[in-house]
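Asks: Take a look at the following structure, please.
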Amino acid sequence: MRRIVPLATLALVLAGCAGSSESALTPEVAARLDALDAAVEAWSSATSVGDAHQAAEEARNLVVGPAGPLYGDADRDGLIEGETGQGLLPGLDGSPGIVAEPAANACVERDVLGGSWEQPEARWDEALAAIDAWEPEGNTFPSLPSHPQRTVGWASLTLATDDLDTAVEYAGHARLHVDVTRAAFDDCDG
């Protein structure tokens, strides 16, 4: 009888975990993360600065959305790559992002949202300040608690460079943050 109780308890715990991981990644968030993955992949394999700019613009727009800072036709080619009605993260005006608050799990709270968005303008001001203060000798992005905001930083730096090698290097940094973002939904242990 002692073996049945622990096995039953284990089954309930595993069933609970399976249910929570399914609910953490909604179809809308899954589609956005797939689009963000594709944009960063195109960015990292760009063969021209124009291609890198286009993909970085797409990645940035997918995160910030039209209510966020820096949204739009950053490469000035007449198109808004990554055009969307809602950002991954909340907008400057407090409009919700597709990642809902409260967070689906502790990893989404820590790595994707990076804490509370009760003051979205302050959160975006922090990201914009980190972008403005960034220097090759002084990476300011680790100060940002949200990995999608760090992706916005690397995309912004890419849009400001005319060097393809540098743009592709920045895509590698963005890839790390996109991977952490996805793992927060898929592989959360906390």
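Asks: Can you find, among Thr84, Val180, Leu36, the residue farthest towards the positive end of the dipole of the chain? Put +1 on the C-beta of Lys and Arg, -1 on that of Asp and Glu.
Replies: Towards the positive end, the residue furthest out is Val180.
Asks: About its Cα centre, how strong a charge dipole does the chain have in debye, to the nearest 20, once Lys and Arg get +1 and Asp and Glu get -1 at the Cβ? Can you show the working numbers first?
Replies: Details: 10 positive and 32 negative charges, 227 e Å.
With only Lys, Arg, Asp and Glu charged at Cβ, the dipole is about 1080 debye.
Asks: A further question follows. Are there trypsin sites (Lys or Arg not before Pro) in segment 20-118 that DSSP puts in a loop and that have at most 16 other Cβ atoms within 10 Å, and which ones? Spell out each step's value before the answer.
Replies: Numbers: sites: Arg32, Arg60, Arg76, Arg110; in loops: Arg76.
In loop regions of segment 20-118 (DSSP not H, G, I, E or B), the sparsely surrounded trypsin sites (Lys or Arg not before Pro) are Arg76.
Asks: Return the single residue from Gly85, Gly114, Gly50 with maximal mean-square fluctuation; model: Gaussian network over the chain, springs between Cα atoms under 10 Å.
Replies: Evaluated over the chain, the most mobile residue of the options is Gly85.
Asks: Still on this structure, please answer the following. For the chain, what relative contact order do you get, as a whole percent, if you take Cα pairs closer than 8 Å and at least 6 residues apart?
Replies: Details: 301 pairs, mean separation 44.2, N = 190.
This gives 23 percent for the chain.
Asks: Could you go through segment 126-142 in sequence order and give the Karplus-derived ³J(HN,Hα) for each residue, using 6.51 cos²θ - 1.76 cosθ + 1.60 with θ = phi - 60°, rounded to whole Hz, and x for Gly and Pro?
Replies: Couplings: 4, 5, 5, 5, 5, 5, 5, 8, 4, 9, x, 8, x, 6, 8, 5, x Hz.
Asks: Where the only charges are on Cβ atoms (+1 Lys, Arg; -1 Asp, Glu), what is the dipole of segment 80-138 about its Cα centre, to the nearest 20 debye? The partial results should precede the final answer.
Replies: On the way: 2 positive and 13 negative charges, 58 e Å.
The dipole of segment 80-138 has a size of about 280 debye.
Every number in this text was worked out from the coordinates using simple rules, so none of it is lab data. Quantities reported herein were computed from a predicted structural model and do not represent experimental measurements. Cβ sites come from the backbone with ideal geometry, for glycine too, and all protein chains shown count toward neighbours.
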